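The values are calculated or read from the model by the stated rules, or taken from the named source; none is laboratory data. It should be emphasised that the depicted structure is a prediction, and the values quoted were computed from it without experimental measurement. Using ideal geometry, Cβ is built from the backbone for each residue, glycine included, and neighbour counts are taken over all protein chains shown. Note: accessible area is taken over every heavy atom of the protein model, side chains too, but ligands, DNA and RNA are not part of it. Shrake-Rupley method; radii C 1.70, N 1.55, O 1.52, S 1.80 Å.
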Amino acid sequence: MSNEKYEFFKVVQDHLTKAARLIDLDAPVELMLSQPKNEIIVHFPVRMDDGSVRLFKGYRIQHSNILGPFKGGIRYHEGVTLDDVKALAAMMTWKCALMRLPYGGAKGGIKFNPRNQSAGELQRITRRFTHALGSNIGPDYDIPAPDVGTTPQMMAWIMDMYMNTVGHVNKQASRGVVTGKPITSGGTLGREKATGQGVVHCITEWAREHRFNLEGSTYIVQGFGNVGSHASTLLARYGASLVAVGDHSGYLKSPEGFNPHKLSEWVRTHGSVAGYPSGQVITREEFFATRCDLFIPAALEGQIGVAEAKALECRVIAEGANGPTMPDGEKVLQERGITVIPDILANSGGVTVSYYEWVQNKRSESWDLEEVDARLETAMKRAYKEVSDFARSRDTDLRRAAYCVALERLQAAYRERDIFP
Ligand code: NAD
């Protein structure tokens, strides 16, 4: 993480304010969207493998439900704070509005490092958190999904816990309480790769728009979890070469290019990129200074400060992660002519396919992969075009354009419904 202090929620609010100014957003709409609707904080005990009892702090922030049920991931990470979860929840509201999904925005998290816990402990933590949230989540009220540190397996535990406590009278109808589930527990084909796939759709649209040939191009990826690994393998299909990569364990380069499939396999079995045989170890500074065409941040927020923005030698950044670019870093990127495809557009493939999973659960259907892929492609391309057209017509950057497109939809709903009572 860069050394600059990163007030994530303030940064997201600032994006909101700037976009609101550009489209002359109604003042009450901006006011209502400036804070989450509900902030739920729970403390719950869990028995650990050594017999001790540990108390965990869990968050669920429900930002807006003007367009539909609250929707957003759950993060397990030692750095989780209320401020971050509030920021991430607000971003889910913009993302769902931008993608025209009938959802609002939410996010949850527990502050602990899941890598230090056994599978049994992870299950008990997940189940107790679900129990503590109780009817604050539900298939038509608030629908969690995976994020950093959480997996399809954990989503199955959340579903099972919810079904057997709150939703026990109608088990089938409560399947959609969570998305990102394993296929056999009601998940959808295409969800695991969906966020990375959406990032790649944005990159191919950008390339088409700028007549940039991806064949023979180079890219670097920070974070090689769900988003980073899938984006890497899918981008390689266009003939692009992954020349540097990094995660919580460190950074590697390979001037002749990594095989992203083999690297993903390594990370699955070893837990990180560390020790991968065909890479040379480099520092974080060297990683950011690696000459390349495309950079995909896919780890955490607050990674691209002034120093990183000055060091980067790429043409475009596709934000797989939420909030990776800090405002001061963004200014430098703008001065240097480096395009940023913003998070709320670039990584919205995940929530879009989560929506397809939820619809299938509601209808007791099971779509094939081709159908999911085709729908996602159409949705991503449409959103990219809307954002790009807005940016061009209003002479602004893609981030502000994405916020504006989302806010115009939210404003329309508020205008139609007005304020109760
Ligand atoms: P993940 O847990 O699968 O992977 C996270 C990756 O980040 C891992 O490779 C980890 O080693 C790396 N990382 C953690 N701390 C780091 C550090 N200090 N320096 C460098 N690397 C570090 O998580 P994910 O689901 O791939 O999420 C990654 C990002 O994408 C997050 O910002 C998340 O909010 C965002 N996102 C995820 C989804 C989704 O569907 N999973 C959807 C939209 C956005």
Exercise. In a GNM of the chain with a 10 Å cut-off on Cα contacts, which of Ala240, Ala156, Ala374 has the highest mean-square fluctuation?
Worked result: Ala374
For this session: Select from Phe56, Phe295, Phe129 the residue whose mean-square fluctuation is largest in a Gaussian network model of the chain (Cα-Cα springs shorter than 10 Å).
Result: Phe56
For this session: Select from Met326, Met32, Met155 the residue whose mean-square fluctuation is largest in a Gaussian network model of the chain (Cα-Cα springs shorter than 10 Å).
Result: Met32
For this session: Could you calculate the FRET efficiency of Asp49 with Glu365 from 1/(1 + (r/R0)^6), where r is the beta carbon distance between them and R0 is 35 Å, rounded to 0.05?
Result: 0.30
Exercise. Can you give the accessible area of Arg392, probe radius 1.4 Å, in Å² rounded to 10?
Worked result: 150
For this session: Could you work out, for the range 194-346, what percent of all Cα-Cα pairs fall into each 5 Å distance bin, beginning at 0 Å and stopping at the bin that holds the largest distance?
Result: 2, 11, 22, 25, 22, 14, 4, 1, 0
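Kirkwood hydrodynamic radius for the chain: how many Å is it when counted over pairs of different Cα atoms?
Working: mean 1/r = 0.0463 Å⁻¹.
Averaging 1/r across every pair of different Cα atoms and inverting gives 21.6 Å.
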For this session: Multiply the residue separation of Ser118 and Glu256 by 0.36 nm, subtract the distance between their alpha-carbon atoms, and state the gained length in nm to one decimal.
Result: 45.9 nm
For this session: Beyond 18 Å between alpha-carbons counts as too far, so tell me which of Lys193/Lys262; Lys71/Lys95; Lys107/Lys171 fall in that bin.
Result: Lys107/Lys171
For this session: Grab every C-alpha pair in the range 279-421, bin the distances at 10 angstrom width from 0 up to the longest one, and report whole percents.
Result: 10, 31, 30, 20, 7, 1, 0
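Tell me the GluC sites (Glu not before Pro) within the range 278-378 that lie in a loop according to DSSP and have at most 11 other beta-carbon atoms within 10 Å. All intermediate terms of the calculation are to be shown ahead of the outcome.
Working: sites: Glu285, Glu286, Glu301, Glu308, Glu313, Glu319, Glu330, Glu335, Glu357, Glu365, Glu370, Glu371, Glu377; in loops: Glu301, Glu319, Glu365.
Filter output for the range 278-378: Glu365.
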Exercise. For the chain, what is the percent of antiparallel DSSP beta bridges, rounded to the nearest 5?
Worked result: 50
Seminar exercise, completed: The extension gain from Gln153 to Ile419, computed as 0.36 nm times the residue separation minus the Cα-Cα distance, is 91.7 nm
Exercise. Taking 1 over the mean of 1/r across every pair of different Cα atoms in the range 1-142, what Kirkwood radius in Å do you get?
Worked result: 16.2
